[in-house]
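The numbers here are math on the coordinates, done by the rules we state, and not lab data. Everything numeric in this text was worked out from a predicted model, so none of it was measured. Counting neighbours? That spans all protein chains shown, and the Cβs are built from the backbone with ideal geometry, glycine included.
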Amino acid sequence: MPKVAIIKSKANAWADIVLRALSVRQKNQYYLANPQEICQQAADCRLETVCVYVPPFADGNGTTPDLHEAEEVFLQLAELKSGTVVLISSALIYGIGPGRQAFAKEDYWPPGHDGTRICDQWSSLERLASRSLGGNVRLTVLRPSAVLPSPTLFSTSLSAGLVRTLPGHNPSFQFLSLSDLAEAVDCAIEQEQRGIFNVAPDTVVPLHAAIRIIGSHRMAIPRTLQRLANRSEILDYFRYSWTVSNEKTRKELGFTPGRSSAGTLREFRGRNGQHPLPDLQFDDFGMDRNYIRSYGKTLFRFLSDYYWRIEERGLEYVPREGRGVLVGMHRGFMPWDGVMALHLLVKKTGRYPRFLTHPGLLKFPFLANFMTKLGGVVASQQSADSVLQRDELLGVFPEGIHGAFSFYKQAYQLREFGRDAFVKMALRNRAPIVPFVTVGSAEIFPILGKIKSRLWTRYTDWPCLPLTPTFPLLPLPLPSKWHTQFLSPIHVEKEYPPEAERSRSVVKAISLDVRARMQQALNEMLGRRHSIFFGSIFEPQAG
C-alpha cells in the first residue's frame, strides 16, 4: 500500500477532515507530515514522494486560503527533485456574478468585474504552487465544488437550523460529498496526471430545495441588511448560480462522483440525525416546467390571448424534436416578448426552449427567479453549446441589449448582429437556424428618450434609463396587438461542414442572410398593419 503524506505545518481542521476521509477508503496509507519531514524522507529514501496539500482557510467562512502558510509550504517543497503533489484548491476560483458561465471548464476566467477577492486568492494559491514547484514535481490541482461536510461557507451555512437567503434569488449548486472528494484524490494519485481538474457531481440542486432536503429552514433577508454583517462577494455566492464542468476529470482521471448533489444532501441530512429522503432531480439550469405550465394557464394565457391578442404564423417551421437555434428580435427592453415566445412554443409545439439571457436581468430579485425558472440561461458560448448538445431549442436575440433599447422610431429596423455568435453556435453544433420576428412588442414600452447614467449602468448593466409613456413611473406595458411570424429554417447543418465556423466570410454571409430575411418579413408585416392596437395582418385571418 503506497504511503502518501498529508501536509500539515500547523493547526488545520480541514486537513484533519480530509485525512480521516482518505483513511477510511484504505486505498493508500495516509499520514500527517510537515514539509521538512517530507523533504528529508525523500532525500533519505530516494523514493518518489507523493503528498497532498490541503491549505488552511484564512477566514472563518472557509472561503479563502491562507496564502502565507501556502507560500512557506511550497518554498520548502521546492527542494523535492521529483514526486507528486495534489493540491486541494476550490471551485470558488471561478468567481461569481450574473454573467458567470454555467458549468465552467478549467480554462474559464470570470469576465469583467466578476473576479472577486475570493477568486483572486484561490488563483494566487495555484500560481504559488506552479511557480514554486516548477517542472520537477508533478502538480495536480483539484477544484472541488461545495463539499459536505467541511469547514466551508456552504457546509456551515446549511448546518444551521435557520439559513439566511436573499429574497428573489434561488441559485443552483453542486454539492460534493467528502467521501467523493477523497476518492478523487485517490484517482489523481493513481493516474499521475498533471493539470487542473474540477471535482463535482453531474447534477445540481437549487438552494431553497437544498435547505428543505437538509431539514433546515430559510430566512430571507434583503441584501442591503445582510451586507451589514457580510462582505458583498460572500452574499453573491448565495445570489447567483455557480456550477462547474467535470468532463475533463471524467476523461483524464476516470473519476465521476458516486453521489448526486441531492444524494450528498440526503447523506448529510442523515448524518445530522434526520431521516433520508428519496432522490430528487432538478434541471441543470434551473428551468421549472411545472412553473411554466402553471403560468401558461393563468398569467401567460391572459397576456397572450386577451391583453396582447397574439396571432402567429409559421410554427410548422419549428422542429418538433432535436436541436435548433431560434433567432429573434427583442423590443420593449423588458423580456415579455421572449416570455410570450416561450409560452407560444410550449402551447403549440410542446417544446420548451431556453433563451440566452442578458446577465443584467439576473441581478434583480424575483426577476432573476422568474427568468431562471422560465429557462433563461446566461448568455455565453459554453452555455449555448450545452443546451444544443442536449438536443434542445436555443433562443437567441443577436442584436444584444442595444436592440432592446432601440428608439421607437427605429424599433423595426434591425441592428447589426454583433459578433454573429449564433451562426457559429449553429455550425458547431449542427443545428438549423429558425428566424422569427414580432410586430407589436415595441409598442408595449415605446422608448422616446434615454437618460445616460454610469451609476445606473453599473447597478443594472442596462445601457441607459429608458423614458417611455409609462416607464419608469408606472411600469405597465401598453396593450398593443402582437403579430409573431416564424420563418423557414436555414439548414446550415446540411449546407456547411462544422469547420465552416472558422470561416469569417461564411459566418458573415449566413448572418446577413438571416438578418435580411427577418427585415423583409418585418417590412411586409408593417405594410399590412393598419392599427397598433387592433386587427390581423396574416391571411387568411384578415377579413
Review point. Hey, can you rank 516-526, 209-219 by average C-beta count inside 10 Å, highest first?
Key: 209-219, 516-526
Point to revise | Diffusion constant of the chain at 4 °C, which comes from Stokes-Einstein with the Kirkwood Cα-pair radius and 1.567 mPa s, µm²/s | key: 51
Review point. Between ALA78 and SER531, 0.36 nm times their residue separation minus their Cα-Cα distance comes to what?
Key: 155.4 nm
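Dividing the alpha-carbon Rg of the range 3-271 by 2.2 N^0.38 Å yields what?
0.99
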Review point. What does the convex hull of the alpha-carbon atoms of the range 69-153 project to on average, in nm²?
Key: 6.5
Review point. What are the residues whose amide H is under 5 Å from the amide H of VAL378, where those residues sit 5 or more places off or on another chain and H is modelled from the backbone?
Key: THR357
Review point. Could you name the aspartates and glutamates in cross-link range of LYS409, using Cα to Cα under 19 Å and dropping any fewer than eight places away on the same chain?
Key: ASP337, GLU399, GLU443, GLU524
Revision key, fill the gap. A student asked for the Cα radius of gyration and Dmax of the range 117-189 in angstrom ought to give 15.9, 50
Practice item. Go through 24-36, 223-235, 358-370 and give me the packing order, highest mean Cβ count within 10 Å leading. Key: 358-370, 24-36, 223-235
**Study point:** Cα-based Rg of the range 286-432 normalised by 2.2 N^0.38 Å, two decimals
**Key:** 1.01
Exercise for review: For VAL52, list long-range residues whose amide hydrogen, built 1.01 Å from N in the peptide plane, is under 5 Å from its own amide hydrogen.
Suggested key: ALA5, ILE6, ILE7, VAL86
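Let me check against my output: what whole-number percent is the relative contact order of the chain, with C-alpha pairs under 8 Å and at least 6 apart?
Computed over the chain, the figure is 12 percent.
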Exercise for review: Counting other beta carbons within 10 Å of each Cβ, put TRP462, TRP109 in order, fewest first.
Suggested key: TRP109, TRP462
Practice item. Using every pair of alpha-carbon atoms in the range 435-543, split the distances into 5 Å bins beginning at 0 and state the percent of pairs per bin, rounded to integers. Key: 2, 10, 13, 14, 12, 13, 14, 12, 7, 2, 0
**Study point:** Rg(Cα)/(2.2 N^0.38 Å) for the range 1-152, N = residue count
**Key:** 1.07
Practice item. List the DSSP H helices in the chain whose Cα atoms stretch 18 Å or more along the helix axis and whose mean Kyte-Doolittle hydropathy is at least -0.5. Key: 13-25, 117-133, 178-191, 336-349, 504-528
Check your understanding: Cross-link partners among lysines for LYS424, C-alpha distance below 20 Å, same-chain residues fewer than 8 apart left out?
Key -> LYS105, LYS494, LYS508
Check your understanding: Which of the peptides 243-255, 330-342 is most tightly packed, and how do the rest follow, going by the mean number of other Cβ atoms within 10 Å of each residue?
Key -> 330-342, 243-255
Check your understanding: By DSSP, what percent of the beta bridges with both residues in the chain are antiparallel, rounded to the nearest 5?
Key -> 20
Exercise for review: Please list, in chain and number order, the residues 5+ apart from GLY62 or on another chain whose amide H is under 5 Å from its amide H, with Hs placed from the backbone.
Suggested key: none
